[in-house]
Amino acid sequence: GTRMRSERPKTLHTVLGKPIVQWIVEAFAKVPACQAPMVVLGFGAPEVRAALGQSSTYVEMQELSGTATAVKDALAVLAGDLPVVIVNGDDPFIRPESIQKLIDTHAVAQEPLVIGTIEVRDFDDWRKTFSHFGRIVREGGVVTSIIEYKNATEEQKLIREVNPNVFCVDMAWLRGVVGRIERNEVTGEYHLTDLVALAVQDGKPIETVALSPEEGYGINSPEDLAEAELIAAKLG
């Protein structure tokens, strides 16, 4: 959250007066099948706990080294074998209906991995934020990988289907596979998007759920926050 130019944790910046992370927690609360969400904490953990209170459970990251590390830390304290829905903490507009659709698609497909994807018509206006998202690579309509923007070729950067980091994953498969994720040589982090490549290696088909562009809008700067206010007002 350094790009926010603030000492406040990024997830506690507000959109229409409500902390970003609270938007997400409230969306999950409207899905009957979901238990109380687990919030993985990094910078500003005490402040986030205080803001959300008892609406969530919490785990603190031991090392700030990527999304896969965050999930690995959460798995260390999660019990049971229910499918788990994973979203970023800075995307306030995920809808309860989409969370439910991820769960329903996972139940019907009987495959370990379902991913949410976004297709944009262009990378102009407020959609320019998606230009640096990972690209969904398909062959014959089938998802074969997610390429991080920093690793993408110029041709792959033209792909308009992007990854908002929204997943529904079988818990048992996730426990077995998250330790196989290797540190990315370009970013130095462990990316949860590598689940796609690992599912392909394991011969597991990957289902997708289409999300609206607004649902994947991530807030990383004061400019993004100002744009989010406009999007929220438009969504009503």
For the structure I just gave you, tell me whether residue 214 is open to solvent by less than 70 Å² (accessible area, probe 1.4 Å), within 23 Å of residue 11 (Cβ to Cβ) and among the acidic types (Asp, Glu).
yes
Every residue in region 63-92 that is in a loop (DSSP other than H, G, I, E, B), small (Gly, Ala, Ser) and either crowded, with 19+ Cβ neighbours inside 10 Å or in contact (Cβ under 8 Å) with a residue 24 or more places away in the chain (or both), please.
65, 66, 80, 89
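Considering region 117-152 alone, what residues qualify as being open to solvent by 70 Å² or more (accessible area, probe 1.4 Å) and not in a strand (DSSP E or B)?
Across region 117-152, the qualifying residues are 121, 124, 125, 128, 132, 140, 150.
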Find the residue count for region 95-116, including only residues that are touching a residue at least 60 places away in the same chain (Cβ under 8 Å) and either open to solvent by 10 Å² or more (accessible area, probe 1.4 Å) or of a type in the set (Asp, Glu) (or both).
10
The condition from (1) within 21 Å of residue 197 (Cβ to Cβ); (2) in contact with a Phe, Trp or Tyr (Cβ under 9 Å, 6 or more places away or on another chain) that residue 150 misses is numbered (2)
Condition first: open to solvent by 10 Å² or more (accessible area, probe 1.4 Å), at pLDDT below 95 and in contact with a Leu (Cβ under 9 Å, 6 or more places away or on another chain). Can you find one or more residues in region 163-170 that meet it?
yes
What's the total number of residues in region 195-211 that are among the acidic types (Asp, Glu) and either within 10 Å of residue 68 (Cα to Cα) or surrounded by 15 or more Cβ atoms within 10 Å (Cβ to Cβ) (or both)?
1
Of 232, 197, the only residue that is farther than 15 Å from residue 87 by Cβ and touching a Leu at 6+ places or on another chain (Cβ under 6 Å) is 232
Restricting attention to region 25-50, which residues are open to solvent by 50 Å² or more (accessible area, probe 1.4 Å) and of a type outside the set (Lys, Arg)?
26, 29, 32, 33, 35, 36, 38, 40, 43, 46, 47, 50
Considering only residues that are out of contact with any helix residue (DSSP H, G or I) (no Cβ under 8 Å at 6 or more places or on another chain) and in contact (Cβ under 8 Å) with a residue 40 or more places away in the chain, which ones fall in region 150-170?
160, 161, 163
Being within 16 Å of the chain's Cα centre (by Cα), on the phi < 0 side of the Ramachandran plot and either open to solvent by 20 Å² or more (accessible area, probe 1.4 Å) or of a type outside the set (S, T, N, Q) (or both) narrows it down to one residue among 22, 54; which is it?
22
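Looking at 174, 192, which one is closer than 14 Å to residue 67 by Cβ, in a loop (DSSP other than H, G, I, E, B) and either under 17 Å from the mean Cα position of the chain (by Cα) or among the basic types (Lys, Arg) (or both)?
Exactly one of 174, 192 is closer than 14 Å to residue 67 by Cβ, in a loop (DSSP other than H, G, I, E, B) and either under 17 Å from the mean Cα position of the chain (by Cα) or among the basic types (Lys, Arg) (or both), namely 192.
The values are calculated or read from the model by the stated rules, or taken from the named source; none is laboratory data. As the structure is a computational prediction, the values presented were derived from the model and not from experiment. As a convention, Cβ positions derive from the backbone with ideal geometry for all residues, glycine included, and neighbour counts pool all protein chains shown. What goes into the accessible areas is simple: the full protein's heavy atoms, side chains included, and nothing from ligands, DNA or RNA. Shrake-Rupley method; radii C 1.70, N 1.55, O 1.52, S 1.80 Å.
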